[in-house]
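Derivation of every value follows stated rules applied to the coordinates shown; laboratory data play no part. The shown structure was predicted, so the numbers you read here are calculated from the model rather than taken from an experiment. When we count neighbours, we look across all protein chains shown, and the Cβ atoms used for this are built from the backbone with ideal geometry, even at glycine.
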Amino acid sequence: MSNVFIILILLLGFLITFQIAKASEYVSILKGEKKALLQQNRINGFLMIVFLVGGLIGIYWCNELYKGKILPVSASEGGEKIDAMLSITFLITGIVFFLTQILLFWFAFRYQYSEKRKAYYFPHNNNLEILWTTVPAIALCILVGFGLFYWFKITGDAPKDAMQVEVTGKQFSWIFRYPGKDGVFGKKYYQNISDKDNNELGLIWDDPASHDDIVVNGEAYFVKDRPVKLIINSRDVIHDVGLPHFRMKMDAVPGTPTTMWLTPKYTTEEMKKMTNNPDFEYELSCDQMCGKGHYTMRAVIKVVTPDEFILWRAKQKSNYAQVFPEPTSTDSSAKKTTLLKDAGPVKSVMAKN
Ligand SMILES: [Cu+2]
């Protein structure tokens, strides 16, 4: 039904335009071609100024309307630099925008056709050509240069003390993995992926490094002032790790891990106070249209103090421990293995004897 309406509106619009054109044609015949042309020129010149003033008011109104609705202060050190870069870009392009638009419409009004004036023929000027080619080129090179510098920094090597967190996107949620006490991620293989067997990432259980890996869904913990290196994966299609409060985003590509690192500056609690919003949470949203459930791909990032992080991690059970629960104490043989494992130095003493 709505399609019929759209077609009807388009037809009506076409009809009105056609009729106006026809009417102005008759008017010009009646008034005389030249007089009608002069009048049309004056109307168009006036409309140019109306458009300019209306446009400028629109820009101001839009800014007022969205004031306070944009993102709060950047919560990462790198993000502050990105904000500064954006401000400089807005300043430079803003000056150019206002200057060129005002001149464009003012000239169209001021220098509209007049019988008393003859246009000056000005076909070419090498100096001007050089000026308006080199100045924007240099300005853009500087802006792009800064952008590249920060890009290489956030996607480059993370500081040595950085915490490592693996982020995996799937239709339609986020899975996080922490390497556990050994600081090493266990190996994984895509054919091992099985939601039914509680192995969402396809960890290889034969690899001892995987045994202490912590896997959590939908919620990740970062530590304030401690760099975090994100290792980003996808299980199915291309997703995107969007962290607006940290001013970062990176695609999650199946089969090709991508990385970026950041240093959170404020804890979630601090941010709640700073934004005057008791419900504030750092958000990880999928920034890539990845399917019909894309809108549900939200995870929460909790930025906490080091002590709170230790407490949280101590409460987490590794994925391996969930799949293979510790045998009960009555199972003596299992107990023995555990004991043997712990008794490293004793064993070596025994071997000497
Ligand atoms: Cu997605």
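General observations
- Max mean-square fluctuation residue, GNM over the chain, Cα-Cα springs under 10 Å, options Gln322, Gln19, Gln101: Gln19
- Relative contact order of region 40-166, pairs being alpha-carbon contacts under 8 Å that are 6 or more residues apart, as %: 46
- Pairs exceeding 27 Å between alpha-carbon atoms, taken from Lys81/Lys292; Lys187/Lys265; Lys181/Lys265; Lys187/Lys249; Lys272/Lys292: Lys81/Lys292; Lys187/Lys265; Lys272/Lys292.
- Cα long-axis angle, helix 2-31 against the chain (0 to 90 degrees, to the nearest 10): 20
- Candidates Lys249, Lys273, Lys69, ranked by Gaussian network fluctuation over the chain, Cα under 10 Å, top entry: Lys69
- Hits among aspartates and glutamates - C-alpha to C-alpha of Lys22 under 19 Å, sequence gap 8 or more where chains match: Glu33
- Here is how the number arises for the chain: DSSP H runs of 4 or more residues each give -39500 (n - 2.57), the sum is divided by the residue count, and the result at 222 nm is -16500 deg cm²/dmol.
- Computed Kirkwood radius, in angstrom, where 1/r is averaged over Cα pairs of region 86-130: 13.4
- In plain terms, the chain from Leu99 to Gln19 could stretch by 25.0 nm, reckoned as 0.36 nm per residue minus the Cα-Cα distance.
- Amide hydrogen neighbours beyond the local backbone of Val223, cut-off 5 Å, H modeled: Val304
- Helix 77-110 and the longest principal axis of the C-alpha atoms of the chain enclose an angle of approximately 10°.
- Annotation for region 19-54 versus region 281-324: alpha-carbon center distance of 63 Å.
- Label point 7 Å beyond Cα of Ile6 along Cβ direction - residues of region 271-307 with amide nitrogen under 11 Å: none
- Angle of helix 332-342 to the longest C-alpha principal axis of the chain, folded into 0 to 90 degrees and rounded to 10: 70°.
- Distant-in-sequence amide H partners of Glu200 (H built 1.01 Å from N, under 5 Å): Ser194
- For region 117-133 and region 176-191, distance of Cα centres in Å: 65
- Residue separation of Phe152 and Arg298 scaled by 0.36 nm, minus their Cα-Cα distance, works out to 49.9 nm of gained length.
- For region 265-276, Karplus couplings with θ = phi - 60° (6.51, -1.76, 1.60), whole Hz, Gly/Pro x: 9, 10, 6, 4, 4, 4, 5, 4, 6, 5, 8, 6
- Unsatisfied cross-links (Cα-Cα over 24 Å) in the set Lys170/Lys229; Lys229/Lys315; Lys160/Lys317: Lys160/Lys317
- DSSP beta bridge pairing in region 168-258, given as percent antiparallel to the nearest 5: 85
- Only alpha carbons enter this Debye calculation for region 2-91, each as an equal point scatterer, and the log10 of I(q)/I(0) it gives at q = 0.16, 0.19, 0.21, 0.23 Å⁻¹ is -0.90, -1.01, -1.07, -1.12.
- Other residues whose C-beta falls under 15 angstrom from the C-beta of Tyr266 contribute a net charge of -2, scoring Lys and Arg +1 and Asp and Glu -1.
- Net charge in the neighbourhood of Tyr111 (other residues with Cβ under 15 Å of its Cβ; Lys, Arg +1, Asp, Glu -1) is +4.
- Over the chain, the fraction of Cα-Cα pairs per 20 Å bin, rounded to whole percents and listed from the shortest bin up, is 19, 36, 26, 13, 4, 1, 0.
- Within the chain, antiparallel bridges make up roughly 70 percent of the DSSP beta bridges whose residues both belong there.
- Karplus-derived 3J(HN,Hα) values for region 198-211, using 6.51 cos²θ - 1.76 cosθ + 1.60 with θ = phi - 60°, are 6, 10, 5, 9, x, 5, 8, 5, 5, 8, x, 4, 7, 5 Hz; glycine and proline are entered as x.
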